[in-house]
Structure formats: C-alpha cells, structure tokens
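To start, the structure under review is shown below, and the notes come after it.
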C-alpha cells in the first residue's frame with residue numbers, strides 16, 4: 001500500500017490535537033482518520049478495522065521520520081494521565097499503546113509565543129519526565145489538570161484567570177482549566193456530558209438568572225463537584241464600577257472619558273456598558289471583545305483592592321475551600 005510522508009507544516013497541528021484535554025479515543029481517532037485521509041493513497045478510513053487503522057498510521061509515522069517507536073516512557077506517562085483524567089475506556093488504551101512515536105513530533109516542534117499551552121507542556125514533560133507537578137508549578141504549564149471550572153461563556157473564560165490571580169490563585173500553576181459551555185442553557189448539557197467520562201472535580205459558576213439550570217445540575221451533581229450561583233446578577237455585575245471606569249478610559253484613552261455617574265445602580269453592568277459605548281461613540285459594545293481587553297487591563301493595572309466590596313471575594317473563598325478539600 002502506498003503512503004506519503006507527513007509534511008512538516010502538519011507536525012504542530014497533529015501534536016496539538018493528540019495532547020488536548022479529551023479522552024484518547026476521541027482525539028486519537030480524529031487525528032488518525034485525518035492522517036489516513038491525507039497521507040495514504042488508499043484513504044478509505046471506513047474500510048479499516050481499528051488495528052489496521054493503527055498499523056497504517058504507525059507505518060506513515062515511521063516512513064515520515066525514518067525512525068522506530070522509542071518513546072516508551074512518554075507513552076507510559078500518557079497512559080497514567082489518562083487514568084487520572086478519564087473513566088477507563090478500552091479504545092483509549094488501544095490508541096495509546098500504538099507504536100506512534102510522538103517524540104518525533106515533539107523534537108520537530110519549536111516553541112513560540114503562539115504555541116498552544118498543551119504543546120508547550122508536552123515538550124516540557126518530554127524533556128523533564130520526572131516531576132510533572134513541579135514543572136507545572138514552576139513554569140505555569142496548566143497541565144496536568146487538577147480541576148475544571150465550568151462557566152457560561154467567553155466573559156468568564158477571559159476574566160476568571162486574571163481576576164483570581166490577583167488573589168493568589170494562579171490557574172496555570174494549580175492546574176485549573178476553565179471551560180466555557182457556550183451559553184447559560186448549555187451548562188447543564190456540558191456538565192452532564194463531561195461528568196460521564198471526566199474523573200476530575202468541577203467548580204460550576206452560574207449567573208443569578210440560571211436558577212433552573214442550577215436545579216437541573218444539582219439533581220446530578222457528584223460529591224466531588226461544587227456549584228456557585230452568583231447573587232449579584234450576571235458575571236459582569238461582579239465587576240466594580242471604578243474598575244470598569246478605569247479600564248474603559250484606558251482602552252479608549254484617545255477618545256472621550258466616561259465617569260462613575262455613567263454607571264447607574266438600577267441597571268446591570270452590561271446595560272450600562274452598552275449605554276456608555278453608545279453615548280461616547282466608542283462603537284458597538286461587544287462582550288467578548290471588551291472582556292478580552294479588560295483581562296489585559298486587569299493583568300497590567302488592577303489589584304485585589306478593586307474587588308474589596310465585590311462578591312468575587314466570596315466566590316474565591318468558595319473555590320479555595322474546594323481546593324483545601326481536594327488536598
């Protein structure tokens with residue numbers, strides 16, 4: 001059977017997809033199918049049984065790198081990590097035991113500012129396999145993951161890490177992975193799905209108006225998981241007006257400045273921000289874009305005193321208590 005070498009431009013993509021936070025049978029199957037479709041002349045994936053599919057990908061790897069399988073220590077590490085993260089699945093172990101030399105991909109990958117975090121991590125692990133937890137703490141690698149913080153959307157995804165970092169909770173050092181569900185109504189579905197195969201504890205954060213979602217989740221909440229319903233309203237309502245004022249005036253420093261009087265306590269922060277953007281001609285208020293800019297502002301200019309009177313302190317206390325229970 002004729003096969004082709006994998007071009008170097010695909011190495012990083014393959015390594016990234018093979019080391020994401022998903023059960024091995026999901027990520028490996030996706031990658032192996034793609035490799036067969038692209039780099040085998042007989043690319044009818046559906047015609048292969050699993051063993052034949054794995055053998056073909058092994059052949060493509062060996063032909064590409066002109067080397068034999070040799071990274072046994074890394075394979076053993078990935079198997080142990082699979083045991084830590086996910087409920088046992090026979091297909092996962094079949095894929096993980098394949099003679100695909102991931103070390104060839106790692107050795108061919110150059111770390112840059114745009115390299116995915118999981119790739120940075122696996123390269124560090126390959127070079128320093130002895131103590132993955134020390135490496136995570138010393139180099140803020142995120143992996144191995146210890147806890148899932150499940151939230152509603154991009155606002156939390158952008159802002160949780162920099163805000164909590166002000167209080168000494170470094171997500172990447174602690175192994176806290178933030179996953180956004182894609183909206184309030186998707187949180188229960190995401191939790192139901194992931195809790196079926198993920199062993200790690202969840203900390204679920206919901207806006208005040210998600211009471212029904214909270215009830216749905218609590219009916220199936222595992223003992224190791226916890227849930228917090230924001231009393232203040234939406235996540236943005238946790239953000240103090242003075243912090244938002246400083247951030248807006250910094251982001252739009254070449255334009256008109258707003259003032260604290262623009263934040264009316266009768267309205268939600270999202271509503272106030274929308275009115276401010278219209279009033280001062282800053283363009284359309286886009287939650288995700290603003291949250292990304294706000295995250296950068298917090299990293300560079302904010303301190304925990306900004307949140308002295310915010311419910312964020314209670315949320316951090318709740319999350320910290322679950323960390324104490326975990327250890």
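Ranked by how many other Cβ atoms sit within 10 Å of their own Cβ, fewest first, the residues 161, 196 fall in the order 196, 161. Treating the angle as unsigned and between 0 and 90°, give the value, to the nearest 10°, between the Cα long axis of helix 312-326 and the longest Cα principal axis of the chain. Value to nearest ten degrees: 40. When each of 261, 113, 291 is scored by the number of other beta-carbon atoms lying within 10 Å, the sequence from fewest to most is 113, 261, 291.
The alpha carbon gyration tensor of segment 115-207 gives principal lengths a ≥ b ≥ c with a/c of 1.5 or higher and a/b greater than b/c, which makes the shape prolate. Cβ crowding within 10 Å, taken as a proxy for footprinting-reagent exposure, orders 156, 76 from fewest neighbours to most as 76, 156. Applying Stokes-Einstein at 10 °C and 1.306 mPa s to the Kirkwood radius of segment 276-325, computed over alpha-carbon pairs, gives a translational diffusion coefficient of 118 µm² s⁻¹. For the chain, adding -39500 (n - 2.57) for each run of n ≥ 4 DSSP H residues and dividing by the number of residues yields -15500 deg cm²/dmol at 222 nm.
Using the Cα atoms as the points, what is the convex hull volume per residue of the chain in Å³?
In the chain, the Cα convex hull volume per residue is 163 Å³.
Throughout, read-outs are computed from the coordinates displayed, never taken from laboratory work. As the structure is a prediction and not an experimental result, all values here were calculated from the model. As a convention, Cβ positions derive from the backbone with ideal geometry for all residues, glycine included, and neighbour counts pool all protein chains shown.
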